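What follows is one structure encoded as structure tokens, with my remarks underneath.
Coordinate-derived values only; no laboratory data. On a predicted model such as this, the values are computed, not experimentally measured, just so you know. No Cβ is skipped: glycine too gets one built from the backbone with ideal geometry, and neighbour counts run over all protein chains shown.
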Amino acid sequence: MDDSTDLLLAEMRSLREKVVGITDTAVVAIDGLLIAADTDEPVDPESLAALAAAALGLARRTGQATGKGLLRQTVAHCSGGYVVVHAVGDMALMAVLGDTGLDMARLQVESQAVAERIDRLLTSREPASQG
């Protein structure tokens, strides 16, 4: 694991510590490839990555088609908890899983700053363009 992955994991764990009810988190490339995950059994991080990217793509397209503007997040409220997918810049997303006690208001407050920091970390990892 490299330093940037450690920093991503630290951001995800910080979010988990600040928001009651978060059980798992992942940072995913927009194409569904897993970048980093802080998950427990029985969550398969690779499957979560692919599904979260698909959910984000659908939600983005729905926002465009209905004229509601740029997507900030999509939320699935399930009988056993929540799946929340946040856009992270233009090329990534953050998936957050929560139990039925997930503090959605607190998540809303905390996740924006975390997403911005993750975007900066990911942008700093990109190789310099050839010129």
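Quick rundown of the values:
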quantity: Residue (of S47, A76, L122) at the positive-pole extreme of the range 3-123, dipole from beta-carbon charges; calculated: A76
quantity: Cα centroid of the range 26-55 to Cα centroid of the range 70-110, whole Å; calculated: 13 Å
quantity: Among 90-100, 13-23, the order from most to least packed when residues are scored by Cβ within 10 Å on average; calculated: 90-100, 13-23
quantity: In nm, spacing of pseudo-spin labels at H77 and D2 (7 Å Cα→C-beta vector); calculated: 4.1 nm
quantity: Ordering of 50-58, 81-89 by packing [mean C-beta count within 10 Å, highest first]; calculated: 81-89, 50-58
quantity: The range 54-101 - Debye-derived log10 I(q)/I(0), Cα point model, q = 0.18, 0.23, 0.25, 0.31 Å⁻¹; calculated: -0.56, -0.81, -0.90, -1.12
quantity: Table column - 3J(HN,Hα) (Hz), the range 73-83, Karplus curve with 6.51, -1.76, 1.60, x for Gly and Pro; calculated: 7, 10, 10, 10, 9, 9, 5, x, x, 10, 10
quantity: Amide proton proximity set for D24, modelled H, under 5 Å, gap of 5+; calculated: L97
quantity: Using distinct alpha-carbon pairs, which all enter the 1/r mean, Kirkwood radius of the range 3-123 in Å; calculated: 14.1 Å
quantity: Cα-derived Rg to Rh of the range 1-52, Kirkwood definition; calculated: 0.96
quantity: Loop sites in the range 52-97: trypsin sites (Lys or Arg not before Pro), DSSP, at most 12 other Cβ within 10 Å; calculated: K68
quantity: Table column - 3J(HN,Hα) (Hz), the range 101-117, Karplus curve with 6.51, -1.76, 1.60, x for Gly and Pro; calculated: x, 4, 7, 4, 5, 5, 4, 4, 5, 7, 5, 4, 5, 5, 4, 5, 5
